[in-house]
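All of the numbers you see were taken from the coordinates with simple rules; none came from a lab. Just so we're clear, the structure is a prediction, and the values are computed from it rather than from any experiment. Here the Cβ positions follow ideal geometry from the backbone for every residue, glycine too, while neighbour counts run over all protein chains shown.
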């Protein structure tokens with residue numbers, strides 16, 4: 001399967017409309033006593049389930065059985081489904097023939113897994129603008145935190161300067177594919193080229209990129225990619241770390257237990273002699289989440305069959321509506337790192353405000369606290385967004401000009417704390433939800 005291959009005619013037609021998701025008919029109460037259809041515009045946190053994913057999971061559940069552990073028919077079916085899910089994800093990501101696909105609990109788990117297996121003495125380079133899931137796992141390594149860049153070109157030059165003339169030894173660069181705060185796409189291919197020129201490897205945090213944009217591991221020439229199923233319309237507790245096998249096979253298992261061990265024997269002195277598996281089993285101890293893996297694979301198939309390039313074009317059209325609408329509200333300031341129109345992943349942008357972005361936008365409104373504004377959107381318009389610092393504290397403080405000011409958190413911050421508002425949507429978002437959001441912002445902003 002190739003995500004860049006032309007979609008069938010039926011899929012090309014279907015991609016012009018939102019993909020069907022669960023919850024698209026949920027009614028919620030609003031302040032005037034009526035009910036409205038809920039507008040789920042917090043999809044950068046968790047996306048709704050594709051109906052295709054739910055149907056595939058429901059069809060499998062009567063046949064649920066243990067994976068890699070039983071000789072019964074249902075166990076064999078489940079094992080086959082689990083391994084076929086791995087192959088589907090590898091194809092969706094454009095993995096190389098010898099890459100591994102390890103199923104995890106999500107992006108945070110994937111990056112912590114990689115941090116646990118990097119060779120001793122590895123130096124890690126990470127931009128301060130990363131999500132905490134990419135900033136924090138490397139604490140046992142010597143870590144260089146790079147300044148927030150103001151353009152894709154500056155990101156490349158900052159990394160080049162940091163790596164130039166550095167000491168020998170293993171090095172790893174961790175970079176996002178698309179910011180979970182601004183939605184802007186990073187110059188991944190160019191960063192990978194610089195990293196490899198200086199002997200460093202690259203892990204791509206694709207949590208926000210994969211649901212919105214093709215991810216091609218071989219084409220981008222990254223060494224690993226991590227993403228979460230719950231952001232890819234498959235919220236069943238699974239994620240992925242895919243990429244090169246050597247560091248994974250050389251390290252102690254991330255989790256010690258059944259499945260990771262090939263042989264265990266008691267030694268004469270009372271200790272244990274353990275031989276660990278190589279390959280994906282080495283870091284998938286315990287009973288695997290076959291439902292989660294199947295759901296992730298189902299979402300990958302659904303997006304590929306719909307035509308990811310067509311979904312990108314539809315999303316950019318919605319982004320144009322959103323950004324143009326916000327630009328007409330003088331009280332609103334959209335938060336951005338890069339110059340508009342710069343496409344980080346690989347060019348080919350169609351111009352306009354939406355080029356080089358995915359469906360994630362954060363902003364502040366003059367006269368409004370972010371949390372109060374988000375609460376008003378929910379209470380009066382039935383719109384779900386997020387307020388806060390979005391688990392990217394250094395970046396938000398930089399964008400808001402507040403330095404090391406405290407306030408806000410990774411959850412639901414209180415009113416008056418340092419925070420912004422984030423709106424995010426995806427392949428299942430109806431046009432009306434974005435249009436309703438723009439009208440609501442205009443109305444609320446005019447009150448203050």
Cβ-Cβ FRET estimate between residue 161 and residue 116, R0 fixed at 25 Å, reported to 0.05
0.30
With n ≥ 4 as the cut-off for DSSP H runs, can you work out [θ] at 222 nm for the chain, using -39500 (n - 2.57) per run divided by the number of residues, rounded to the nearest 500?
-10500 deg cm²/dmol
On a 0 to 90 degree scale, rounded to 10, what angle separates helix 188-197 from the longest Cα axis of the chain?
40 degrees
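Rounded, prolate or oblate: pick one for the stretch 167-222, where a ≥ b ≥ c are the square roots of the eigenvalues of its C-alpha gyration tensor, a/c under 1.5 means rounded, and failing that, prolate if a/b is larger than b/c, else oblate.
The shape class here is prolate.
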How would you rank 133-139, 245-251, highest first, on the average number of other Cβ atoms within 10 Å across their residues?
133-139, 245-251
Mind sorting 236, 437 by how few other Cβ atoms lie within 10 Å of their own Cβ, fewest first?
236, 437
Nearest 10 degrees, 0 to 90: what angle lies between the long axis of helix 51-60 and the longest principal axis of the chain (Cα atoms)?
30 degrees
Label the stretch 115-201 by shape, choosing from rounded, prolate and oblate, from the square roots a ≥ b ≥ c of the eigenvalues of the Cα gyration tensor; if a/c is under 1.5 it is rounded, and otherwise prolate applies when a/b is larger than b/c, oblate when it is not.
oblate
Quote to one decimal, in nm, the extra length available between residue 446 and residue 153 on full extension: 0.36 nm per residue of separation minus the C-alpha distance between them.
101.7 nm
State the extension gain, in nm to one decimal, for the chain segment bounded by residue 256 and residue 61, taking 0.36 nm per residue of separation less the distance between their alpha-carbons.
67.4 nm
Which of the three applies to the stretch 279-321, rounded, prolate or oblate, going by the alpha-carbon gyration tensor with a ≥ b ≥ c and a/c under 1.5 meaning rounded?
prolate
Give the Rg/Rh ratio for the chain, taking Rg as the radius of gyration of the Cα atoms and Rh as the Kirkwood radius, to two decimals.
0.98
Binned at 10 Å from 0, what are the whole-percent values of the Cα-Cα distance distribution for the stretch 54-304, short to long?
7, 30, 34, 19, 8, 2, 0
Alpha carbon centroid spacing (whole Å) that separates the stretch 89-105 from the stretch 180-229
14 Å
Using only the alpha carbons of the stretch 168-311, determine the length spanned along each of the three principal axes and report them from longest to shortest in whole angstroms.
62, 43, 25
Points 7 angstrom from Cα along the Cβ direction at residue 98 and residue 77: gap in nanometres?
3.8 nm
The extension gain from residue 136 to residue 218, computed as 0.36 nm times the residue separation minus the Cα-Cα distance, is 26.9 nm
Just to check, using Stokes-Einstein with a Kirkwood Rh over alpha carbon pairs, what's the diffusion coefficient of the stretch 191-231 at 20 °C and 1.002 mPa s in µm²/s?
199 µm²/s
